[in-house]
1. Using only Cα atoms, find the angle between the long axis of helix 57-73 and the longest principal axis of the chain, and express it within 0 to 90 degrees, rounded to the nearest 10.
2. What is the spin-label model distance, in nm, from Cys3 to Val83 if the labels are put 7 Å beyond Cα along the C-beta direction?
3. Where a Cα-Cα gap under 13 Å defines reach, which aspartates and glutamates qualify for Lys68, not counting those fewer than 8 residues away within the same chain?
4. Of Ile30, Val57, Ile100, which is farthest towards the positive pole of region 4-104's charge dipole, taken about the Cα centre with +1 and -1 on the beta-carbons of Lys, Arg and Asp, Glu respectively?
5. Rounded to the nearest 20 Debye, what is the dipole magnitude of the chain about its Cα centre when Lys and Arg each give +1 and Asp and Glu each give -1 at the C-beta?
6. Å³ per residue of the Cα convex hull, for region 1-109?
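Readers should treat all values here as calculations from the given coordinates under stated rules, not as data from a laboratory. Keep in mind that what you see is a predicted model, and the values were worked out from it rather than measured. No Cβ is skipped: glycine too gets one built from the backbone with ideal geometry, and neighbour counts run over all protein chains shown.
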Amino acid sequence: MDCIFCKIVAGQIPSDILYTDDKVIAFRDINPMAPVHLLIIPRLHVTSLNDMTEAQVPLIGYIIYVAKLLAERQGIAEKGYRVVVNCGRDGGQVVQHLHIHLLGGRGLINGLG
Ligand code: AMP
């Protein structure tokens, strides 16, 4: 499968990985929109939120938990942060492997841009 995030999971292309375990990995976004901009992804290839199954509820919940842990480790938990999932063309999803953006380190009140 020609999926860039699967290649990151497999270690076939480099990335700045901050967290890894048997279910997920997290790495810095290559084009950060905020001082802290991490992507948390399942090792399992799930194309988008549209393809999530009920059986994957624990996995996706766990990804959000890891986002919270990483927000603490990055020192942004107290001030706050944003967790974003883009889905499909209109949702602005570019990479077809489900991922959660963790953004923080600046005020995001008026949006991501
Ligand atoms: P989305 O628009 O939600 O699909 O977001 C995809 C994100 O992946 C964008 O913010 C990209 O900057 C980021 N991205 C794409 N390729 C890489 C890569 N090789 N390493 C890290 N981040 C990447």
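1. So the inclination is approximately 40 degrees.
2. Roughly 2.0 nm, to one decimal.
3. Glu78
4. Looking along the dipole axis, the top candidate is Ile30.
5. Working: 10 positive and 10 negative charges, 56 e Å.
About 260 debye.
6. Numbers: hull volume 12.0 nm³, N = 109.
Per residue, the Cα convex hull of region 1-109 comes to 110 Å³.
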